[in-house]
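Encoded as structure tokens, the structure appears first; notes follow it.
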Amino acid sequence: YSFGNKKPMLLEALDNQIFDAMFHWRGPIQTTGQVVIVDIDEKSLQELGQWHWSRNLVAELVRHMNAAGAKVIGFDIVFAEKDRTSPKLFVEELSTFRPGLIPDQHFSDLRENDSLNYDLVLGDAVAAAPVLLGYVFQTIDDGMKKEGETPFPSCNIKTDPAHIMHGDIGLFQA
């Protein structure tokens with residue numbers, strides 16, 4: 001815009017009215033029926049609980065949509081932090097909370113059980129389906145990431161040539 005990042009309110013209101021009128025004049029367009037939007041609605045929230053749902057539940061949704069033949073599954077959601085509901089997180093806490101209550105071998109078995117890490121469960125479901133995840137581009141250093149640390153969430157990307165590391169890949173402004 002020649003006005004900077006924001007139009008004056010009068011022009012924005014006028015622009016919205018013209019935009020609405022153009023759709024009204026065009027009239028309805030027959031849909032193809034090929035696009036389905038799966039929404040997290042009030043009924044889902046009442047049945048499954050408040051958002052954020054645990055990643056194992058989101059993984060189950062991905063698996064169901066993939067099995068139903070979805071060509072693409074897109075998320076308008078950013079999974080920015082680790083899933084704090086993963087049972088894997090409580091294994092260590094439990095072992096220090098009540099030492100000796102559960103034999104060490106059981107804790108060892110629990111630590112090695114990837115199905116208790118809901119981030120990995122979702123990652124596996126996403127890897128097995130045609131999924132696009134929501135993302136945020138951050139072009140400035142906010143001081144939150146430690147030098148050399150792989151950001152969370154992250155994925156394993158095969159690079160070619162193989163000597164290029166994740167930290168060597170950068171974004172540039174268009």
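Points to keep in mind about this one:
- Here segment 108-137 is scanned for amide nitrogen atoms under 19 Å from the site 7 Å beyond the Cα of PHE90 along Cα-to-Cβ, giving 108-122.
- Segment 68-134: relative contact order as a whole-number percent, Cα under 8 Å and 6+ apart: 60 percent
- For HIS52, the accessible surface of its heavy atoms amounts to roughly 140 Å² (probe 1.4 Å, protein chains only, rounded to the nearest 10).
- The figure for PHE137 is an accessible area of roughly 130 square angstrom, using a 1.4 Å probe on the protein chains alone.
- Between the beta carbons of ASN5 and MET144, assuming R0 = 25 Å, the FRET efficiency works out to 0.50 to the nearest 0.05.
- With each label modelled as a point 7 angstrom along the Cα→C-beta vector, the LEU133-ILE37 pair spans 2.4 nm.
- A straight Cα-to-Cα reach below 22 Å connects LYS146 with the lysines LYS82, residues fewer than 8 places away in its own chain not being considered.
- Backbone amide hydrogens, once placed in the peptide plane, bring VAL131 within less than 5 Å of ILE73, excluding anything fewer than 5 places away on its chain.
- Our coupling estimate for segment 34-49, obtained by passing each phi through the Karplus curve with A = 6.51, B = -1.76, C = 1.60 and θ = phi - 60°, is 8, 10, 10, 9, 9, 10, 8, 9, 4, 5, 5, 5, 5, 7, 9, x Hz, Gly and Pro reported as x.
- Contour minus Cα-Cα distance for LYS82 and GLN30 (0.36 nm per residue): 14.6 nm
The values are calculated or read from the model by the stated rules, or taken from the named source; none is laboratory data. Treat the numbers as computed from the prediction; the structure is a model and nothing was measured. Note that each Cβ is placed from the backbone with ideal geometry, even for glycine, and that neighbours are counted across all protein chains shown. Accessible surface is based on the protein model in full, side chains and every heavy atom, while ligands, DNA and RNA are left aside. Shrake-Rupley method; radii C 1.70, N 1.55, O 1.52, S 1.80 Å.
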